[in-house]
Amino acid sequence: MDQIRFANPEYFYLTLVFIPMIAWYVFRQHKSKASIQISTIRGFANASKTFRHYLRHILFVLQLGVLLLLITALARPQTSTNWEDRQTEGIDIVIAIDISSSMLARDFMPNRLEAAKDVAAEFISGRDNDRIGLVVFSGESFTQCPLTTDHAVLINLFKDIESGIIEDGTAIGNGLATAVSRLRESNAQSRVVILLTDGENNRGEIAPVSAAEIAKTYGIRVYTIGVGTIGKAPYPVQTPFGTQIQEVDVKIDEETLQQIAEITDGEYFRATNNKKLIEIYKEIDQLEKSKIEVKEYSRKDEEYNQFAIPAVFLLILLLILQNTVFKSIP
């Protein structure tokens, strides 16, 4: 049987009104007795008693019953027996994304940057229990969004990312170092950086391998993703005749990205098209499933109808009896 709890048990103090009600009823019943004195009641000994005599207190009992049921309904009875064990998966993740001009190459649809944003947003939507942050880098790096569980805000900030908002270049080391800085004080059981770039480190004060060593010191795992087709890729170039598409060489420092992943106990992935990029994020999603705590919860169901509905029926019965069977009884 479901266990009932009351959300507002203080309403049961209203039952104290029953004390003066019962006292007044007893007093009134005593006062209403006949005061004529006779020598003997022997002649009435065998007189039959009607059912109204035996049920003469039923109206008062019904009144108390209606009040008790209404007070119980006001106290908000709830059942909470649907307890479940739930394992939550919580990880702190920072996505560090390259926004240099080369990310506008169109070997991905519509281009590398937009494809990376779309896939990352879908990844974020599937990580309900994780805190996720965003770092962007090109010639320098900065935090676009600190670690947060407000994924709607984070996805909106993703949409605002554009190439050219900071100085051009590819500072992979700085981007990774900034991401590590956001995670170093985290108390999460698992801390992860997803670093996505399409080029070679050519800017910044921190070497990528040095940033990886720092990440290792803090126990931060780094997954690196190299974005770009093998060989050449179509790239929009501004000319006096407008934007023209030219084939440019794809140069990704895969050796450094592999080294970063190896140092931090992560993995390196190469994405050559949209589909492959989606598969990479799905693989990372499966790799980073860390069950960190067990919670018990229940869905509380309001049960006031179990008391309010009978109260209405008792009230209707009370009114019917008052105006029919017991109409002549004061």
Cβ-Cβ under 6 Å, sequence separation 6+ or interchain: first residue in segment 306-324 and farther than 9 Å from residue 69 by Cα, partner surrounded by 12 or more Cβ atoms within 10 Å (Cβ to Cβ) and not aliphatic (A, V, I, L, M). Which pairs? 314/65
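Residue-by-condition table, conditions (1) at pLDDT 85 or above; (2) touching a Phe, Trp or Tyr at 6+ places or on another chain (Cβ under 7 Å):
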| site | (1), (2) |
| --- | --- |
| 239 | no, no |
| 257 | yes, yes |
| 274 | yes, yes |
| 308 | yes, no |
| 325 | no, no |
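Of all residues in segment 194-246, how many are of a type in the set (Val, Ile, Thr) and more than 17 Å from residue 277 (Cβ to Cβ)?
10
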Which members of segment 195-217 meet the condition of being among the β-branched types (Val, Ile, Thr) and touching a helix residue (DSSP H, G or I) at 6+ places or on another chain (Cβ under 7 Å)? 197, 206, 209, 214
If a residue must be assigned to a loop (DSSP other than H, G, I, E, B) and in contact (Cβ under 8 Å) with a residue 24 or more places away in the chain, how many such residues does segment 159-209 contain? 26
Counted residues, segment 230-244 - those being of a type outside the set (Phe, Trp, Tyr), surrounded by 12 or more Cβ atoms within 10 Å (Cβ to Cβ) and in contact (Cβ under 8 Å) with a residue 24 or more places away in the chain: 3
Under 7 Å between Cβ atoms, which residue pairs at least 6 apart in sequence (or on different chains) link something in segment 260-278 that is under 16 Å from residue 93 (Cα atoms) with a partner that is assigned to a loop (DSSP other than H, G, I, E, B)? 261/267; 264/220
Restricting segment 249-264 to residues that are over 41 Å from the mean Cα position of the chain (by Cα) and loosely packed, with under 14 Cβ neighbours inside 10 Å, which is nearest to residue 219 (Cα to Cα)? 251
Hits in segment 46-101 (condition: within 30 Å of the chain's Cα centre (by Cα), aromatic (Phe, Trp, Tyr) and either surrounded by 15 or more Cβ atoms within 10 Å (Cβ to Cβ) or modelled with pLDDT of 70 or more (or both)): none
Being modelled with pLDDT of 95 or more and crowded, with 21+ Cβ neighbours inside 10 Å narrows it down to one residue among 209, 227; which is it? 227
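The values are calculated or read from the model by the stated rules, or taken from the named source; none is laboratory data. In this text the structure is predicted, and so the values were computed from the model without any measurement. Cβ sites come from the backbone with ideal geometry, for glycine too, and all protein chains shown count toward neighbours.
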